[in-house]
Every structure is written in C-alpha cells, then in structure tokens.
Amino acid sequence: MQKEAAKHTTPESIRRRIAEAEKQIHDLFNAGGTSGPMGQALEAHRELIEVLTKRLADFR
C-alpha cells in the first residue's frame, strides 16, 4: 500500500486516486465480492484510501 500511495505526491493526484479506489470498491461490492480474492481486494482498496487520506491531511 505504501508503494502505491507514494506514487501520488500532489493533493489533486491523491484525490483522484481516492476516487478511483472508491469506485473500485463500489464495483467489487456490485460484483458480489466480499470474500476470497475479491474480499482481499476490497480490504486493499480500503487500506489505500486510509493511507492516501492521511497523506492528503498532511497537505492541509
């Protein structure tokens, strides 16, 4: 997660990636993915959003 988050160095880039991760979570839920590999993907996206949100807060 840290490696992916490190790619985003501006507030705008961070906001775009958060929106993208939120859409991916939405799509996974709609596909019925809450366990197994899809559940792991959901968790990974949630963690990414958490890390990016903290990074975005550092800009404020």
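Note down the net charge around Gly39, summing +1 for each Lys or Arg and -1 for each Asp or Glu among other residues with Cβ under 15 Å from its Cβ. Intermediate results must be reported in sequence, preceding the final value.
Numbers: positive: Arg46; negative: Asp27, Glu43, Glu47.
Summing Lys/Arg as +1 and Asp/Glu as -1 gives -2.
At 0.36 nm per residue, minus the direct Cα-Cα distance, what do Asn30 and Thr9 gain on full extension? Give it in nm, one decimal, please.
Details: separation 21, 0.36 × 21 = 7.56 nm, distance 3.05 nm.
That works out to 4.5 nm of additional length.
Over the chain, what lengths in whole Å, largest first, do the semi-axes of the equivalent ellipsoid take, defined as the square roots of 5 times the eigenvalues of the alpha-carbon gyration tensor?
23, 11, 8
Determine which aspartates and glutamates satisfy two conditions relative to Lys3: a Cα distance under 19 Å, and not lying fewer than 8 residues away in the same chain.
Candidates past the 8-residue exclusion: Glu12, Glu20, Glu22, Glu43, Glu47, Glu50, Asp58.
Normalised by the number of residues in the chain, what is the relative contact order in percent for Cα pairs under 8 Å and 6+ residues apart? Write out the running numbers ahead of the final one.
Working: 39 pairs, mean separation 30.4, N = 60.
Computed over the chain, the figure is 51 percent.
FYI, it's all coordinate maths here, none of it is from the lab. These numbers come from a predicted model, not from an experiment. Note: ideal-geometry Cβ built from the backbone for every residue, glycine included; neighbour counts use all protein chains shown.
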